[in-house]
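K.L.:
I have a structure here, written as structure tokens, and I will follow up with some questions on it.
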Amino acid sequence: MDAFTMVIMACVAGEAHCATNRISEMEFTSVQACEARIDDITRSMTKEFSKRPEFKGRQVTYDVSCMDRAQLAQKFGINSSDT
């Protein structure tokens, strides 16, 4: 069974660049399993952002996708993979 990968893009209001994180775990064997971890991971990222004084009081927005290998390749234009 193909594993799913979670791609998270976190944007802090007023920042020119967004932070991205890719999490691939063998437990993500379905979209539902991948989505079940979203709250835990975004909560952890939000805590990390809150430790940075320059981000205090600024809104963070998240864009989260759970994709299998074929969807990742299509989204990011990957023609072949070594995995």
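K.L.:
Can you run phi through the Karplus equation (6.51, -1.76, 1.60; θ = phi - 60°) for segment 25-30 and list ³J(HN,Hα) in whole Hz, with x for Gly and Pro?
P.N.:
Calculated HN-Hα couplings, in order: 10, 5, 6, 7, 9, 8 Hz.
K.L.:
In square angstrom, what is the accessible area per residue of the chain with a 1.4 angstrom probe? Intermediate results must be reported in sequence, preceding the final value.
P.N.:
Working: 5910 Å² over 83 residues.
I get 71 Å² per residue for this part.
K.L.:
On to the next question. Among Ala33, Val60, Ala73, whose Cα sits farthest toward the positive end of the charge dipole of the chain (+1 at Cβ of Lys/Arg, -1 at Cβ of Asp/Glu, about the Cα centre)?
P.N.:
It is Val60.
K.L.:
Tell me, in nm to one decimal, what length is gained between His17 and Ala73 on full extension, where the rule is 0.36 nm per residue of separation less the Cα-Cα distance? Walk me through the numbers on the way to the answer.
P.N.:
Working: separation 56, 0.36 × 56 = 20.16 nm, distance 2.31 nm.
Length gained, His17 through Ala73: 17.9 nm.
K.L.:
With a 1.4 Å probe and every protein chain kept in, tell me what percent of the accessible surface of the chain is carbon plus sulfur.
P.N.:
Answer for the chain is 49 percent, counting heavy atoms of protein chains only.
K.L.:
Also, quick follow-up: Mind putting a number on the dipole of the chain about its Cα centre? Charges go on the C-beta only, +1 for Lys and Arg and -1 for Asp and Glu, and I need it in Debye to the nearest 20.
P.N.:
On the way: 10 positive and 12 negative charges, 83 e Å.
In total the dipole reaches around 400 debye.
The values are calculated or read from the model by the stated rules, or taken from the named source; none is laboratory data. Here the structure is a predicted model, which is why all the values come from computation and not from measurement. Backbone-built Cβ (ideal geometry, glycine too); neighbour counts: all protein chains shown. Protein only, heavy atoms only, side chains kept; ligands, DNA and RNA dropped before computing areas. Shrake-Rupley method; radii C 1.70, N 1.55, O 1.52, S 1.80 Å.
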